Amino acid sequence: MQIYLPIAELPVSILTILAMGAAVGFLSGMFGIGGGFLMTPLLIFLGIPPAVAVGTQATQIVASSVTGALAHLARDSIDFKMGGVLLGGGMLGSLSGIYIFKLLTNIGQIDLTISVVYVLFLSVIGAMMMVESVQAIRAARGGATPKKRSGHHSWIHGLPLKMRFRRSKLYISVIPPILIGYFVGTLSAIMGVGGGFILIPAMIYILRMPTNVVIGTSFFQIVFVAALTAVMHAVENQAVDIVLAFLLVIGGVVGAQYGVRAAEKLPAEQLRALLAALLLLIGLRLGYELISPPEDLYSITEVQVMK
Amino acid sequence: MRWGAALSLFLLVCAVTTSARADQLVTDLSEYQIAIRSNFTGTQILLFGAVEARTPGSRAINRDVIVVVQGPVRPMTVRKKEPVGGIWVNHDSVTYPSVPGYYAIASTRPLEVTAPHETLKALRIGIENISPGTPVAESIDGTIQILPPEEETAFWKALIRNQRRDGLYFNLPGGVTFLGQTLFRATVDIPANVPVGLYTAKVYLLQEGQVIDTISSPLYIDKRGLERLIYRMAHSDPLLYGLVAVLVAAFAGWLASAIMGRR
């Protein structure tokens, strides 16, 4: 059954979109990720214009991160103060991301930029996760205890504007979280992702937040950054397709439930290796497209009339 | 002299009336409005008509009908990819100010045998004879450049190729069929990815390679119902639209957690 998308201006199969939403929702429930980095390339493969894919995906991320944030709220595993600081940077980042997105669309380089940024992040983070989970699996088999992270003082402690984050048991400068938030916010507006896959490692390795508050805090800030990104994409590019978003949300909600259950039956380290493999695979696929000669060297686009 | 002028005027009037008394077209479309609703997956329009023979001795031989359905014009950019450091990057671009978003041409016989090339070109009949306005070529850094004619032609050909691939430009030689001596019909596909706006369906009647009558009818393709409502709101009130989208999504997220929490 086909449905015509009013903003993307093309018909899509309802079942395909629901199935995609469910599959990505399943993975996101299983791995505890937003799934934007999977869904946005999939939508672009389907022929949805990049701006509409990114804008609509931001809306879907609002839905999935609200669910995630509420679950962590119930467990009291959100550092609101840290989340607020990250959010400050994230909001500014999202605004500049939208601006960059518009600029790149006008000069015809947005598709390339989205692909390059995806290839970079997916391969680097995929490789890092793969190495780490393989080490962890080996360590577990060998019976050795994983190395304990030393609490030594890093360069971060030399920065001014220190603030106490009680929930995270940290006393650090607000500059690194603002910068991290800004960076992830920019990426989220360009890539159509929540940015959890960058935010979470950054919070653990750079800010050294305790792991039990990391995911909840990340969800908390993603809700608001994604909401701002979606609204800005709607205002600046008229690129939010509410019909497409609705279908993706329904599929995602259903898929996520099964994903969470499936994750309970699988060992965490193998699960992480699986996610790493998935990231690398998508990264390679997108990378191959960048270097292989295109079928038609020429492409056409309708010129957006400036308001 | 005065008589000479009067005579030539008389001859001119005669010429006009005889041409007005030549064969004439009567046509109609199956639809004047195509509504794009949520179940729109493309459609077809049927154009039918008749040739009214005004001159008693006129013969139906070497008579051709060409039907051109053209969509709204808008500016379009063609970009050419070039390898930069091993990656294929959009490099040079050419922008044409008025490109029809849709162009279908159907004829009784292939266009080449219907009329001389010059006639078709002068009347801008045929995909190759679309005139897209003065092109502006830009280099990758946004500076205006002047391309050699053959390179510019490659961009124009690429635009047509892309539009053909998307099913938005096409030829239907033999797409107009005569039913007997005077009645004819043509069916033209409207694919799902058509741009919305005002279309024109133009019918040309040719005798011995010369156009003797034309008729043009408007055709509106527009979004309707919910599609229209959503599209309108997204463009006229984008802030409210964005807020509604986000609130609906947030509500869906809350609903999902409420359902999960109950289990």
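The values are calculated or read from the model by the stated rules, or taken from the named source; none is laboratory data. Fair warning: this is a prediction, and the values are worked out from it, not measured in the lab. Note that each Cβ is placed from the backbone with ideal geometry, even for glycine, and that neighbours are counted across all protein chains shown.
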Members of the range A:252-283 that are outside any helix (DSSP H, G or I) and not hydrophobic (A, V, I, L, M, F, W, C) = A:Pro267
Please specify each residue of the range B:157-183 satisfying the condition of being surrounded by 15 or more Cβ atoms within 10 Å (Cβ to Cβ) and part of a strand (DSSP E or B).
-> B:Tyr169, B:Phe170, B:Asn171, B:Leu172, B:Pro173, B:Val176, B:Phe178
Name every residue in the range A:192-212 that is among the aliphatic types (A, V, I, L, M), outside any loop (DSSP other than H, G, I, E, B) and buried (at least 23 other Cβ atoms within 10 Å of the Cβ), in order of residue number.
-> A:Leu199, A:Met203
Test: residue in the range A:251-270 that is at the interface with another protein chain (Cβ under 7 Å from one of its Cβ atoms), of a type outside the set (D, E, K, R), surrounded by fewer than 21 Cβ atoms within 10 Å (Cβ to Cβ) and within 30 Å of B:Gln163 (Cβ to Cβ) | no
Filter the range A:10-46 for residues that are surrounded by fewer than 24 Cβ atoms within 10 Å (Cβ to Cβ), at pLDDT below 85 and within 13 Å of chain B (Cβ to nearest Cβ) and give the result.
-> none
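Evaluate the following for B:Val246: is it facing another protein chain (nearest Cβ under 7 Å) and either among the β-branched types (Val, Ile, Thr) or assigned to a strand (DSSP E or B) (or both)? Even if it seems obvious, please write down each step before you answer.
Numbers: facing another protein chain (nearest Cβ under 7 Å): yes; either among the β-branched types (Val, Ile, Thr) or assigned to a strand (DSSP E or B) (or both): yes.
Judged against the criteria, B:Val246 is a match.
Filter the range B:184-211 for residues that are assigned to a strand (DSSP E or B) and within 14 Å of another protein chain (Cβ to nearest Cβ); which is nearest to B:Glu52 (Cα to Cα)?
B:Ile190
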Taking B:Pro238 as meeting all but one of (1) buried (at least 17 other Cβ atoms within 10 Å of the Cβ); (2) within 11 Å of chain A (Cβ to nearest Cβ); (3) out of contact with any Lys or Arg (no Cβ under 7 Å at 6 or more places or on another chain); (4) in contact (Cβ under 8 Å) with a residue 40 or more places away in the chain, write down the number of the exception.
-> (4)
Filter the range A:153-182 down to residues that are modelled with pLDDT of 80 or more and buried (at least 18 other Cβ atoms within 10 Å of the Cβ), then give me how many there are.
-> 8
Sole miss for A:Leu73 among (1) in contact (Cβ under 8 Å) with a residue 40 or more places away in the chain; (2) more than 10 Å from chain B (Cβ to nearest Cβ) is condition (2)
Could you check how many residues of the range A:221-236 are surrounded by fewer than 24 Cβ atoms within 10 Å (Cβ to Cβ) and more than 9 Å from every other protein chain (Cβ to nearest Cβ)?
-> 1
Conditions (1) within 14 Å of chain B (Cβ to nearest Cβ); (2) at pLDDT below 90; (3) more than 18 Å from A:Pro49 (Cα to Cα); number of the one not met by A:Met128 | (1)
Please enumerate the residues belonging to the range A:47-59 that are crowded, with 22+ Cβ neighbours inside 10 Å and in a loop (DSSP other than H, G, I, E, B).
-> A:Ile48, A:Pro49
